[in-house]
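The block underneath contains the structure these notes are about, expressed in structure tokens.
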Amino acid sequence: MVAVHTVTVEPVGKQVSCREDQSILDACLRNGIWLPHSCTHGTCATCKAELLEGEVDHGDASNFALMDFERDEGRLLLCQACPRSDVTIEGDVEVEEGLEFSPVRDFVATVTEISDIARDTRRVGLELDSDMTFAPGQYVAIEVPGQGCTRTYSMANPPGQSRDVELHIRRTRGGRATDGWVFADMAVGDKVNLSGPYGRFVFRVARDEPAVMVAGGTGLAPIMSMIRHVLADPDSEQVLYLFQGAREEQDLYAVEELRALAASHPDRFHYRPCLSEQQWDGATGMVTDVIDSEFERLQGHVGYVCGPPPMVDAAMKLLMRKRLFPRDIFREDFFDESDKAAGGMKSPLLKR
Ligand SMILES: Cc1cc2nc3c(=O)[nH]c(=O)nc-3n(C[C@H](O)[C@H](O)[C@H](O)COP(=O)(O)OP(=O)(O)OC[C@H]3O[C@@H](n4cnc5c(N)ncnc54)[C@H](O)[C@@H]3O)c2cc1C
Ligand code: FES
């Protein structure tokens, strides 16, 4: 039997029970205590907090995200640390105004669709066994069968379709979940264990400035959820610019749907698919070059950036050069195991 300890979360003094094989973040998110987190795999350092009392096992925290001296000084990564006694932690429990996060729960899903939508890119449809409420931009953690690990994938569907989940999954050569499962023997009808919703890369309804959205590869998934959600709201006047980056035309997907949305919302949705390695009749160049040429300045806007970490970093630099502050930019880095091994955390200056 696994031992259970009490976790006290300061400064609010709330208490939750946490098993020795469960992360403190997991116990909190399942019990309605929201704490900042992003990757949930020990890579990004977003969930770093103070251990005020008690003993933890630091789990699989990357040495870059949590350095030795930080462990010695009593810091921990909440997504990795499991209690070894009753513990007290101090974290940033305040939820931004206008945001609401639902508690994390477990689901069993049935695979309903597997379609090739671009080179090395699949749309996977899942039907959940019960309703899930989430904010557009959030993700689920899926157990990879037989591998004893989870991988995280963002919902591309808008909230409101509470049992149907649409994922966009890109193949990683040598990857356990993608090469070894989703692009190998995953089949329609399979049962999949997952939990969610996670993450804070969510659409901020309170930020009604025009939004510049930058998506690289399957980084489109959470942004697609946001776009579908915002444009379906008849009361919203939010203006959206989407810059979708890919190498060649065969890497682009959802172009028809996005063009149709741009045509039906000409004043609210502006769509620029950009190819970096192929001349075509659309925008050519790195997505950052295309934004650079279209906007002289971006103050008065808000940014949403998602995709491979190098693209996210390049987009962040450009948006800041165009006069957006870090507080005006929301990012999701699709970190994987190689980023974790290489210490791929983002700049500590960037809190979101
Ligand atoms: C918040 C979040 C949301 C995400 N959403 C999406 C999404 O919607 N769509 C999507 O396609 N992806 C998404 N990702 C990425 C996804 O979670 C996986 O990381 C990705 O699919 C690769 O998983 P994998 O198991 O196939 O590869 P992994 O097994 O994780 O391997 C990845 C790469 O790392 C290498 N590697 C493995 N272990 C090591 C090691 N110890 N040292 C060095 N290299 C190593 C492998 O050879 C491979 O090249 C998201 C990531 C995050 C953090
Ligand atoms: S959420 Fe814990 S390190 Fe990324």
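Computed values, structure above
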| read-out | value |
| --- | --- |
| Filtered residue count, region 1-60, keeping only those that are under 21 Å from the mean Cα position of the chain (by Cα) and among the charged types (D, E, K, R) | 4 |
| Members of region 147-158 that are within 21 Å of V255 (Cα to Cα) and not in a strand (DSSP E or B) | A156, N157, P158 |
| Any hit, region 234-245, residues being more than 25 Å from E209 (Cα to Cα), buried (at least 21 other Cβ atoms within 10 Å of the Cβ) and either within 16 Å of ligand 1 (Cβ to nearest atom) or at pLDDT 95 or above (or both) | no |
| Residue match in region 49-57 (condition: near ligand 2 (Cβ under 10 Å from one of its atoms), among the hydrophobic types (A, V, I, L, M, F, W, C) and not assigned by TED's automatic domain parsing to the domain that holds M132) | yes |
| Region 200-255, residues that are in a strand (DSSP E or B) and of a type in the set (F, W, Y) | Y241, F243 |
| Those residues of region 43-58 which are buried (at least 16 other Cβ atoms within 10 Å of the Cβ) and either part of a strand (DSSP E or B) or touching a Gly at 6+ places or on another chain (Cβ under 7 Å) (or both), in sequence order | T43, K48, A49, L51, V56 |
| Complete set of residues in region 96-116 that are more than 16 Å from ligand 2 (Cβ to nearest atom) and part of a loop (DSSP other than H, G, I, E, B) | E96, E97, G98, L99, E100, S102, P103 |
| Pairs, first closer than 23 Å to K48 by Cβ in region 90-118, second crowded, with 16+ Cβ neighbours inside 10 Å and aromatic (F, W, Y), C-beta under 6 Å, six or more apart | V95/W34; F101/W34 |
| Residue check, A3 in contact with a Lys or Arg (Cβ under 8 Å, 6 or more places away or on another chain), modelled with pLDDT of 95 or more and either surrounded by fewer than 22 Cβ atoms within 10 Å (Cβ to Cβ) or under 21 Å from D106 (Cα atoms) (or both) | yes |
| Residue in region 326-336 that is more than 19 Å from A156 (Cα to Cα), surrounded by 17 or more Cβ atoms within 10 Å (Cβ to Cβ), at pLDDT 95 or above and not basic (K, R) present | yes |
| Residue count for region 61-73, restricted to those that are within 11 Å of ligand 2 (Cβ to nearest atom) and touching a residue at least 24 places away in the same chain (Cβ under 8 Å) | 4 |
| Leading residue by the ranking (surrounded by the fewest Cβ atoms within 10 Å (Cβ to Cβ)) among those in region 79-134 that are aliphatic (A, V, I, L, M) and closer than 21 Å to V16 by Cα | V95 |
| Of the criteria (1) at pLDDT 95 or above; (2) within 17 Å of the chain's Cα centre (by Cα); (3) surrounded by fewer than 20 Cβ atoms within 10 Å (Cβ to Cβ), which one S293 fails | (2) |
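For every residue, the table says whether it meets (1) within 16 Å of ligand 2 (Cβ to nearest atom); (2) touching a Ser or Thr at 6+ places or on another chain (Cβ under 9 Å).
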| site | (1), (2) |
| --- | --- |
| T43 | yes, yes |
| C47 | yes, yes |
| R75 | yes, no |
| L78 | yes, yes |
| R84 | no, no |
| V124 | no, yes |
| D129 | no, yes |
| Q138 | yes, yes |
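The values are calculated or read from the model by the stated rules, or taken from the named source; none is laboratory data. In this text the structure is predicted, and so the values were computed from the model without any measurement. Here the Cβ is made from the backbone with ideal geometry for all residues, glycine too, and neighbour counts use every protein chain on show.
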